[in-house]
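To keep things clear, I will list the structure first and then write my remarks on it.
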Amino acid sequence: MSIGEFAKEIENMEDRFLFKAKRIDNGEWIIGFLTFHKTGKAFIKPIFGDARSSEEIDKTTICQCIGLNDKNGNLIWENDVIKKESYIDYDAFSNSEEYIGIVKFTDCAWVVETIIGKCTRPIFEAVSYSEDVKHLEVIGTVFDNKELLERE
């Protein structure tokens with residue numbers, strides 16, 4: 001791993017501490033640091049904008065960043081719907097199948113639960129040094145794109 005790749009990996013590690021959720025007041029997504037109040041309400045302190053403010057969020061929409069980017073450079077979040085295209089890994093002499101799935105945290109690990117057949121695939125297959133991550137694409141979220149879950 002080159003120094004540049006290592007620096008990028010460290011930068012991605014910080015992304016793992018980010019959360020996003022929908023704001024209570026307007027339903028828009030907000031990204032930042034998650035906090036809970038003793039009343040049980042959840043808030044996100046945005047990473048952009050006024051550092052002193054926090055926005056109340058809908059707790060049912062909380063998504064954690066997994067610290068990886070898709071093939072378009074977008075951060076991948078819990079509850080994202082992702083698509084992986086098939087490819088041939090000539091270095092490993094293997095083929096990879098195409099699938100659509102949902103990013104989830106299960107049994108202390110990030111996984112992709114495929115929509116067809118409900119197969120669970122460990123996300124470590126898609127770590128940044130793997131060929132798989134180059135073929136992942138975020139195509140929506142389970143909250144905003146329910147039609148993607150019915151496609152297959």
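The values are calculated or read from the model by the stated rules, or taken from the named source; none is laboratory data. Bear in mind that the values here come from a model prediction, so they are computed numbers and not experimental data. Every residue, glycine among them, receives a Cβ derived from its backbone with ideal geometry; neighbour counts consider all protein chains shown. In case anyone asks, the SASA skips ligands and DNA or RNA and just uses the protein heavy atoms, side chains included. Shrake-Rupley method; radii C 1.70, N 1.55, O 1.52, S 1.80 Å.
Mind checking which residues of the range 104-152 are among the β-branched types (V, I, T), at pLDDT 65 or above and surrounded by 13 or more Cβ atoms within 10 Å (Cβ to Cβ)? First the steps, then the outcome.
Just the residues of the range 104-152 that are among the β-branched types (V, I, T), to begin with: 106, 111-112, 114-116, 120, 123, 127, 133, 138-139, 141-142.
Still in the list and also at pLDDT 65 or above: 106, 111-112, 114-116, 133, 138-139, 141-142.
The answer is V111, V112, T114, I115, V133, V138, I139, T141, V142.
If we keep just the residues of the range 48-84 that are in contact with a Phe, Trp or Tyr (Cβ under 8 Å, 6 or more places away or on another chain), more than 28 Å from G101 (Cα to Cα) and open to solvent by 50 Å² or more (accessible area, probe 1.4 Å), which is modelled with the highest pLDDT?
Step by step, filter the range 48-84, then rank; the result is E56.
Of all the residues that make up the range 44-83, how many are closer than 20 Å to I115 by Cβ and among the basic types (K, R)?
Qualifying residue count for the region: 2.
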